[in-house]
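S.K.: Take this structure first; my questions come after.
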Protein chains: 4
Amino acid sequence: MRETVCALHRELVRNNLVAWTAGNVSGRVPGEDLFVIKPSGVPYDDLTPEAMVVCDLEGNLVEGAFSPSSDTAAHAYVYRHMPEVNGVVHTHSTYASAWAARGEPIPCVLTAMADEFGGEIPVGPFALIGSDDIGKGIVAVLESHRSPAVLMRNHGVFTIGDSPEAAVKAAVMCEDVARTVHLSRQLGEPLPIPQDDIDHLYSRYQHVYGQRSQR
Amino acid sequence: MRETVCALHRELVRNNLVAWTAGNVSGRVPGEDLFVIKPSGVPYDDLTPEAMVVCDLEGNLVEGAFSPSSDTAAHAYVYRHMPEVNGVVHTHSTYASAWAARGEPIPCVLTAMADEFGGEIPVGPFALIGSDDIGKGIVAVLESHRSPAVLMRNHGVFTIGDSPEAAVKAAVMCEDVARTVHLSRQLGEPLPIPQDDIDHLYSRYQHVYGQRSQR
Amino acid sequence: MRETVCALHRELVRNNLVAWTAGNVSGRVPGEDLFVIKPSGVPYDDLTPEAMVVCDLEGNLVEGAFSPSSDTAAHAYVYRHMPEVNGVVHTHSTYASAWAARGEPIPCVLTAMADEFGGEIPVGPFALIGSDDIGKGIVAVLESHRSPAVLMRNHGVFTIGDSPEAAVKAAVMCEDVARTVHLSRQLGEPLPIPQDDIDHLYSRYQHVYGQRSQR
Amino acid sequence: MRETVCALHRELVRNNLVAWTAGNVSGRVPGEDLFVIKPSGVPYDDLTPEAMVVCDLEGNLVEGAFSPSSDTAAHAYVYRHMPEVNGVVHTHSTYASAWAARGEPIPCVLTAMADEFGGEIPVGPFALIGSDDIGKGIVAVLESHRSPAVLMRNHGVFTIGDSPEAAVKAAVMCEDVARTVHLSRQLGEPLPIPQDDIDHLYSRYQHVYGQRSQR
């Protein structure tokens, strides 16, 4: 799991989702009340599987030589309250954060967005770091939406998945659709997709897409 | 042909036309009612010539260890109805998809666009995946335009060519002009190019440009 | 000179000024009525010093296995009429072409622009390829401006320099300032720089900047 | 210190903060009235630790085979007047310079901005190169703000830090938030963050974030 989580951080860099040391990926340790997460403030180039830290579901450091990410409490809250979630990603990716700074959800005007998010990407509350407020905001929003991504107001994005890789995919796709819809809106109003069609696309994509054995 | 199609997928990545596993290239097998296409949901880094799959013109898997791309039916429909087409590319490239989300054609205001597309890049209908609707929409539009690219509403781009490489070139150029015209429109109205001049540029480019022996 | 011109084409790619095979660099052969230019329609990855072609100042092929760039006539016209020019670059770089599509000069609102261009970047006429019209347009504009770059209407950018490298630098800086001024204008009006200050900056940069022995 | 400063210039390139030879990093030599800075007009690829030059706090060349950066006087002025500063960075990074061209500060509407900058990123005066005017403008603004970055009008960005690396981080983060806030403003008004919350975030980030032993 340390290796998986370490390798997935490289995807954040490769997909231009992070600047400097911002952003983090975590993954639940199968069968245990533990998760693996990035250490705080360490450059992406210096991340190794050994540098990853292990925390319990209260966010306490259990194993590792570094302090855990400053967003550890939010990840821990999600794992405590969403047992089906096995991966969490946090970024300040540019276009998604631009929507978040206005507190505006991203409307579902692309078939790729219907596929992955099943509708709009919703907005969570403004919350300060240092308590469970961010975690509570994430869980409250995601429990009532199909979207695996939430835009936290004036902050950035949190995504979830049944694996760390799925959460990273959601973070990549969130920035991709945030960018396309932003650009489309600059020169007019994107055409809406009827809810029935969104439902059809979402259902098909969740059940049919990809290599069956890999899901 | 597997090697050609596999290598061309790298061009999609290199030209920033695709995110995650989205997008696909196919190529008709010369002299046979078959085409080679990308497998569904496989990461670009993992694509090898052997991983490419072969389908018949109804889109049925003929050879290969993976399920074919979920867009296979649209590619198959194009090959069935446009015998002069030997390559098809599909992407959700950012700027082109931004025009597609508004259902707005890209006006021909650049000489490079007149060269390659012979006029505006047209828009096709909104169509759901899972039937021949997408293929029908592509063919209906491209049969009546010089453009090798069509923006499918709320979806993305399909391009065609007399070779897979030509279709990839059209996909690259489509995103390039979609971006430039988008930016130009942000600060005012681009100046139109008279139709006579567009016709002159298109005719010259199709017959004179490049190394004659390579065309 | 073949090696220099070949190597400078890589700078176009590295600085994201070109898509597919668009764009070209040329350099005058010292002491001869000849210049070296890119062959037409050859991919950037396949360019070698040997693939570069040599033309006379009428644009006729003198040496080389490939057809010269389709923009050769414009380069030749510049070399015939501007004896102080030893390098010419042509691109369709995105932001500069967006200004060109509106036929709008880029106002001088950045000190880096005053340094390199000595004022606004001017616009040349719409001109069709296939005669001397493009070359005439370039020369008419650049002879009456300090700027080494001209935006050709609905087309792209041509830059000149006392060496091919200087022309490439002008192409890189032209796109850089085109982008910054475009973005600045999106959210309001950039503040003008007084003409006296532009003159002061331009004069100082042309005489003092860099390592003296390298100029 | 030559090695540190040389290596940090690569971060400017990697983070897309500089075009051609623009931009520079300097670092104070510990315990001496000297600083190391980039030579003028040398390509980033050719920078080596040996090519870096050493200047005294008046900006005079003390050691090195090249002329110092044309911005040396501004760096020297900062080191003379801000003894707590050990690193200075100057760039024309795109989005930050777009705000600078309008003479408009970047409002603090992102938690990451509150963390790093403690409020808005302020604007300094228009100043010509060649005297102490740029240095005076930087110091006057930064002495009265928590922000380690200042947008110099119609010019670009200067950042400071208690180490050269901290100044580079500030330059990277400045461009990152300049871009996100720019994009957010394009489609409406970003929501403000209350001053109390900005203060709380800034205080926590400066004292808690990262690995304690590394600060």
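S.K.: With of a type outside the set (Gly, Ala, Ser) and either within 9 Å of another protein chain (Cβ to nearest Cβ) or within 13 Å of the chain's Cα centre (by Cα) (or both) as the only criterion, which of D:Asp196, D:Asp176 stands out?
M.R.: Answer to the check: D:Asp176.
S.K.: Report yes if B:Ala112 is assigned to a helix (DSSP H, G or I) and away from every other protein chain (no Cβ under 13 Å), otherwise no.
M.R.: no
S.K.: Taking B:Gly188 and the conditions (1) facing another protein chain (nearest Cβ under 10 Å); (2) crowded, with 21+ Cβ neighbours inside 10 Å, which numbered condition does it fall short on, given that it satisfies the others?
M.R.: Against the list (1) facing another protein chain (nearest Cβ under 10 Å); (2) crowded, with 21+ Cβ neighbours inside 10 Å, B:Gly188 comes up short only on (2).
S.K.: Looking only at strands (runs of 3 or more DSSP E) that fall completely inside the stretch B:12-60, which ones have 2 or more residues that are of a type outside the set (Gly, Ala, Ser) and under 24 Å from A:Asp115 (Cα atoms)? Walk me through it before giving the result.
M.R.: Values: elements: B:24-28, B:34-37, B:53-56.
Once the strands (runs of 3 or more DSSP E) in the stretch B:12-60 are filtered for at least 2 residues that are of a type outside the set (Gly, Ala, Ser) and under 24 Å from A:Asp115 (Cα atoms), what remains is B:24-28.
S.K.: Inside the stretch B:184-200, can you point out the residues that are outside any helix (DSSP H, G or I) and in contact with a Ser or Thr (Cβ under 8 Å, 6 or more places away or on another chain)?
M.R.: Matches in the stretch B:184-200: B:Pro190, B:Ile193.
S.K.: Kindly indicate the residue of the stretch D:137-157 that is assigned to a loop (DSSP other than H, G, I, E, B) and in contact (Cβ under 8 Å) with a residue 40 or more places away in the chain and also surrounded by the most Cβ atoms within 10 Å (Cβ to Cβ) among those meeting that condition.
M.R.: D:Asn154
S.K.: Looking for whichever is out of contact with any Cys (no Cβ under 7 Å at 6 or more places or on another chain) and in a helix (DSSP H, G or I) here; the options are B:Ala100, B:Ala127. Which one fits?
M.R.: B:Ala100
S.K.: Let me ask you something else. Go through the stretch C:83-97 residue by residue and tally those that are under 14 Å from the mean Cα position of the chain (by Cα) and either away from chain B (no Cβ under 12 Å) or part of a loop (DSSP other than H, G, I, E, B) (or both).
M.R.: Total meeting the criteria: 7.
S.K.: Follow-up question, since we're still on this one. List the pairs whose first member sits in the stretch B:1-27 and is within 18 Å of B:Cys55 (Cβ to Cβ) and open to solvent by 20 Å² or more (accessible area, probe 1.4 Å), whose second member is assigned to a loop (DSSP other than H, G, I, E, B) and modelled with pLDDT of 95 or more, and whose Cβ atoms are under 6 Å apart, counting only residues at least 6 apart or on separate chains?
M.R.: Within 6 Å, the pairs are B:Met1/B:Val29; B:Arg2/B:Met52.
S.K.: For the subset of the stretch A:199-215 comprising residues that are modelled with pLDDT of 95 or more and within 9 Å of chain B (Cβ to nearest Cβ), which member is surrounded by the fewest Cβ atoms within 10 Å (Cβ to Cβ)?
M.R.: Filtering first and then ranking leaves A:His200.
S.K.: From C:Ala65, C:Ala101, which residue is within 14 Å of chain B (Cβ to nearest Cβ), farther than 18 Å from C:Met173 by Cα and open to solvent by 20 Å² or more (accessible area, probe 1.4 Å)?
M.R.: C:Ala65
S.K.: Hey, another quick one. Would you mind finding the one in B:Ile134, B:Ile160 that is more than 9 Å from every other protein chain (Cβ to nearest Cβ), surrounded by 19 or more Cβ atoms within 10 Å (Cβ to Cβ), closer than 30 Å to A:Gln206 by Cβ and not hydroxyl-bearing (Ser, Thr, Tyr)?
M.R.: Criteria check complete, one pass: B:Ile134.
The values are calculated or read from the model by the stated rules, or taken from the named source; none is laboratory data. Keep in mind that what you see is a predicted model, and the values were worked out from it rather than measured. Positions of Cβ are generated from backbone atoms using ideal geometry, with glycine treated the same way; all protein chains shown enter the neighbour counts. SASA here: full protein model, heavy atoms, side chains in, ligands and nucleic acids out. Shrake-Rupley method; radii C 1.70, N 1.55, O 1.52, S 1.80 Å.
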